[in-house]
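Take a look at the structure below.
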């Protein structure tokens, strides 16, 4: 049940080729310094259209295993690189602390040893109201979510249920 909830789009679904999606994001957000991008393909796509997000969270892989690596060109556009461990299917305290650290900074690349898939949830909890979260929805497109009280409540609900599910497993 929780797995299905995590796959539901929370904001605006954008689909199409990488170039058109990235340009749609740029038009919707306006100011890239308010964008948090989670996922290797979405990060790479927005950087390619010269939209440098406030924060990009990547693990160097896509679709749970296809190793992309992080191209030097992407690393070079960020002011700071933060490394964090986050096991697959989890949200570690270390990852949450890294997200909190990024709130007061700009141009941060978070390199995750493990998996970044769920880290959009703490972004919704801790990013500034009015910021945006962009993350990939495999096989569908990308989800662009404005950080609001409503998106925070949904993220908190999902995270609390995620922890309960893990404890009951």
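We did not get these values from a lab; they are worked out from the coordinates using the rules stated. All of these numbers come straight from a predicted model, not from anything done at the bench. Don't worry about glycine lacking a Cβ; one is built from the backbone with ideal geometry, like all the others, and counts go over all protein chains shown.
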Mean Cβ count within 10 Å, highest first, over the residues of peptides 120-130, 82-92: 120-130, 82-92
Cα→Cβ-extended label distance, 7 Å offset, between residue 49 and residue 28, nm: 1.0 nm
Listed peptides 145-152, 38-45 by packing density, highest first (mean Cβ within 10 Å): 38-45, 145-152
Likely footprinting exposure, 35, 13, 118, 144, fewest C-beta neighbours within 10 Å first: 13, 118, 144, 35
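Multiply the residue gap between residue 156 and residue 79 by 0.36 nm, knock off their C-alpha separation, and tell me the result in nm, one decimal place.
Values: separation 77, 0.36 × 77 = 27.72 nm, distance 2.97 nm.
Net length gain for the segment: 24.8 nm.
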